[in-house]
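Colleague: Sharing a structure here in structure tokens format.
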Amino acid sequence: MSESVSPEVLTRVLRTLAETQKLPFEQVTPEATFEQLNIDSLDGINILFALENEFDINIPDESARLVRNVRQLAEGVQKLINEKPAPAA
Amino acid sequence: MTRRVAVTGIGCVSAIGNTAPAFWASCLAGQCGIAQIRGFDMTGIRFQNGAQARDFDPSKHFDDKQLIPLDRFAQLAIVAAREALAQAQLELTDEERARAAIVTGSCYGGKTSEDAAFASLYRDSQPRLHPMTIPRLMANAGASALTLELGWQGPVWTVSTACSSANHAIGQAYWLVRHGLADVALTGGSEAPFTYGSLKAWEALRVVSPDTCRPFSKGRAGMVLGEGAGMLVLEPLDRARARGATVIAEIAGFGMGADAHHLTQPSAAGAARTLRLALADANLPPQAIGVANAHGTGTAANDVTESAAIRDVFGANRNNLLVTATKSLHGHALGASGALEAVATILGLQNQCVVPTVNFQEPDPDCDVPLCLEQKPWPHGAAVSNSFAFGGLNAVLVFQR
């Protein structure tokens, strides 16, 4: 199931990824694979950590393992944001 | 000078037994020591299970005064060492005691004490720390406490190479005795990694299984942390025979090397190279090996690369080999793991029996090794015991009867 990603979330994901990987922002596109961006397993956990802090979410290990490209990553983040309980009124 | 090296005493503390005989009985029965972690609040940690030495009671082994400078990891080392020494029944001359060696391994040292001290400082705003904080947290605390207890004055040090610490320690102690630099050696590893801070750090690395440890199995989901200690008494084979000691096993070789590949991803080539170095050191061909106690952590990456290394080194002969992964029983006790696996391997050789790898679900085509899933008779020959640490530091021991 692909989640429709808001432009704001997508931009923040791309920015977080670029900052964590020390890449120029323009190089990180939604269609890029982790392989193209030279992201290995260790980079991967650093990115997950940065995203958890950026969006105040917890990314489970099982779902993290299946992600292969930037778009899937953004969709996963959006899903977790949507599932977050609304703040108490 | 080159001498054959005998193991004349073994001891251990673990999640599956606080003596070597109790540990062995659990191994034979396939009794897994992995359970809900106790001792502090686990809310907010993604995994809940570990292999704690739950029944270890320090007050049975130390009086209150003795415990003041001893972190749990040092207590575990001392208790395992006492068991090994009681079995070996060494009677050392003054000259031998002056050259007697102690080489221990630990990944963390006194993490329990350090975590508690820093929590009191940062969180509870306590103005001062206990004066024993440094002596408790130093990684050589176990080795140093043993020199005080035994009066041994030879080469004594501690190795810290993450998950390979104990194998590196045992290998170096073996070389000391083999080459005449010490006449007896006490060696092994100990670890007490169950602190809130270190569990949070492991959680962040995303390699810990949410349920249990399933080495080489399809569906494996990571490692499970364990604690404990294993200790061996080493001496020249001729010396052991001359004094009528029981030779439990021999250490036949040791190899160590670095992957120089990646901080956390293991390398099959590095593991295979270290296995070959150990066999060359033992002067044994691959077909002389009947059993491999695998590093077998149950992580996605380790088990695939270790399988490739075993296929590479043992080739077609690997069908005459049995691979067992005892971390499925006692958990991954980090710097103590190699020592617990050495105890399992030595007792396997002595009893001519291979212990099962438990929690296995179904074969993974990427982990094509002849895995021992039930207690089996020892097939033939000698054994290797693998440790491949984060940071790419590998250490392989060879044991024979």
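The numbers here are math on the coordinates, done by the rules we state, and not lab data. On a predicted model such as this, the values are computed, not experimentally measured, just so you know. Note that each Cβ is placed from the backbone with ideal geometry, even for glycine, and that neighbours are counted across all protein chains shown.
Colleague: Calculate how many DSSP beta bridges within region B:5-242 are antiparallel, expressed in % of all such bridges and rounded to the nearest 5. Before the final figure, lay out the partial values.
Modeller: Numbers: 18 of 29 bridges.
Within region B:5-242, antiparallel bridges account for around 60 percent of the total.
Colleague: How long is region B:251-400 along each principal axis, judged by its Cα atoms, biggest number first, in Å?
Modeller: 38, 37, 31
Colleague: May I ask you to derive the relative contact order of region B:212-324, considering only C-alpha pairs under 8 Å and at least 6 residues apart, and to give it as an integer percent?
Modeller: Values: 131 pairs, mean separation 35.0, N = 113.
After rounding, I find 31 percent.
Colleague: Continuing with the same structure: Rg to Rh ratio, region B:178-279, alpha-carbon atoms and Kirkwood radius?
Modeller: Values: Rg = 19.0 Å, Rh = 17.7 Å.
Ratio of gyration radius to Kirkwood radius for region B:178-279: 1.07.
Colleague: I've got another one for you. Mean 1/r over all different Cα pairs, inverted: what Kirkwood radius does chain B give, in Å? Can you show the working numbers first?
Modeller: Details: mean 1/r = 0.0484 Å⁻¹.
This gives a value of 20.7 Å.
Colleague: Give me the mean projected area, in nm² to one decimal, of the convex hull enclosing the Cα positions of region B:5-124. Show your work: numbers first, answer last.
Modeller: Working: hull surface 43.5 nm².
Dividing the Cα hull surface by four gives the mean projection, 10.9 nm².
Colleague: If you place +1 on the Cβ of every Lys and Arg, -1 on the Cβ of every Asp and Glu, and leave all else neutral, what size is the dipole of the protein assembly as shown about its Cα centre, to the nearest 20 Debye?
Modeller: Details: 39 positive and 49 negative charges, 179 e Å.
It comes to approximately 860 debye.
Colleague: Which distance in Å, rounded to a whole number, links the C-alpha centroids of region B:153-179 and region B:301-326?
Modeller: Region B:153-179 and region B:301-326 have Cα centres spaced 25 Å from each other.
Colleague: Using the Cα centre as the reference, give the magnitude of the dipole from point charges on the C-beta atoms of chain B (Lys, Arg: +1; Asp, Glu: -1; all else neutral), rounded to the nearest 20 debye. Intermediate values should be presented prior to the final figure.
Modeller: On the way: 31 positive and 34 negative charges, 45 e Å.
Dipole magnitude for chain B comes out near 220 debye.
Colleague: May I ask you to work out the translational diffusion coefficient for region B:5-242 at 20 °C, viscosity 1.002 mPa s, via Stokes-Einstein with Rh from the Kirkwood sum over Cα pairs, reported in whole µm²/s? Walk me through the numbers before you get to the answer.
Modeller: On the way: Rh = 18.7 Å.
For these conditions, the coefficient is 114 µm²/s.
Colleague: Give me the distance in nm between label points sitting 7 Å out from Cα along the Cα-to-Cβ direction at A:LYS79 and A:SER41, one decimal.
Modeller: Result: 2.2 nm between the two label points.
Colleague: Based only on the alpha carbon positions, what is the Kirkwood hydrodynamic radius of the protein assembly as shown, in angstrom?
Modeller: Result for the protein assembly as shown, one decimal place: 23.5 Å.
Colleague: Got the relative contact order for chain B handy, in percent, Cα pairs under 8 Å and 6 or more residues apart? Present the calculation step by step, with values, prior to reporting the outcome.
Modeller: Working: 1084 pairs, mean separation 95.1, N = 401.
Taking the mean separation of contacting Cα pairs over the length of chain B, I get 24 percent.
Colleague: Expressed as a rounded percentage, what relative contact order does region B:251-400 have, with Cα pairs under 8 Å and six or more residues apart? Don't skip to the end; give the middle numbers.
Modeller: Working: 313 pairs, mean separation 56.3, N = 150.
RCO, region B:251-400: 38 percent.
Colleague: Relative to the compact globular guide of 2.2 N^0.38 Å, what is the alpha carbon radius of gyration of region B:55-187, as a ratio?
Modeller: Working: Rg = 16.1 Å, N = 133, 2.2 N^0.38 = 14.1 Å.
For region B:55-187, the normalised Cα radius of gyration comes out at 1.14.
Colleague: I would also like to ask the following. Looking only at GluC sites (Glu not before Pro) in DSSP loops with at most 12 other Cβ atoms within 10 Å, what is the longest site-free stretch of chain B?
Modeller: Working: sites that count: B:GLU91, B:GLU374.
Longest gap between qualifying sites, sites excluded: B:92-373.
Colleague: Over chain B, what is the percentage of antiparallel beta bridges among all DSSP beta bridges, to the nearest 5?
Modeller: Numbers: 40 of 60 bridges.
Here the antiparallel bridges make up roughly 65 percent for chain B.
Colleague: Within region A:1-71, report the GluC sites (Glu not before Pro) that DSSP leaves as loop and that have at most 11 other Cβ atoms within 10 Å.
Modeller: Values: sites: A:GLU3, A:GLU8, A:GLU19, A:GLU26, A:GLU31, A:GLU35, A:GLU52, A:GLU54, A:GLU62; in loops: A:GLU3, A:GLU31, A:GLU35.
Taking region A:1-71 and a limit of 11 other Cβ atoms within 10 Å, the loop GluC sites (Glu not before Pro) found are A:GLU31, A:GLU35.
Colleague: Does anyone have the angle between helix A:41-55 and the longest principal axis of chain A? Alpha-carbon axes, 0 to 90°, nearest 10?
Modeller: 40
Colleague: Follow-up. What percent antiparallel are the DSSP beta bridges of region B:251-400, to the nearest 5? Write down the numbers at each step before the final one.
Modeller: Working: 16 of 24 bridges.
Among the beta bridges of region B:251-400, antiparallel pairing accounts for roughly 65 percent.
Colleague: Hey, another quick one. Please list the three semi-axes, largest first and in whole Å, of the ellipsoid equivalent to region A:7-83, using sqrt of 5 times the eigenvalues of its alpha carbon gyration tensor.
Modeller: On the way: eigenvalues 58, 38, 26 Å².
Over the Cα atoms of region A:7-83, the semi-axes work out to 17, 14, 11 Å.
Colleague: So what's the gap between the Cα centers of region B:380-401 and region B:64-94, to the nearest angstrom?
Modeller: The two parts, judged by their Cα centres, are 25 Å apart.
Colleague: Starting from the amide H of B:GLY189, placed 1.01 Å from N in the peptide plane, find each other amide H under 5 Å away whose residue is 5 or more places distant or on another chain.
Modeller: Here B:GLY105, B:GLY230, B:ALA339 satisfy the definition.
Colleague: Then there is this: Specify the inter-centroid distance of region B:184-213 and region A:1-68, based on alpha-carbon positions, in whole Å.
Modeller: So the two Cα centres are separated by 28 Å.
Colleague: On a 29 Å Cα-Cα criterion, which of the cross-link pairs A:LYS79/B:LYS111; A:LYS22/B:LYS200; B:LYS218/B:LYS376; A:LYS84/B:LYS200; B:LYS60/B:LYS200 come out too long?
Modeller: Violating the 29 Å Cα-Cα cut-off are A:LYS79/B:LYS111; B:LYS60/B:LYS200.
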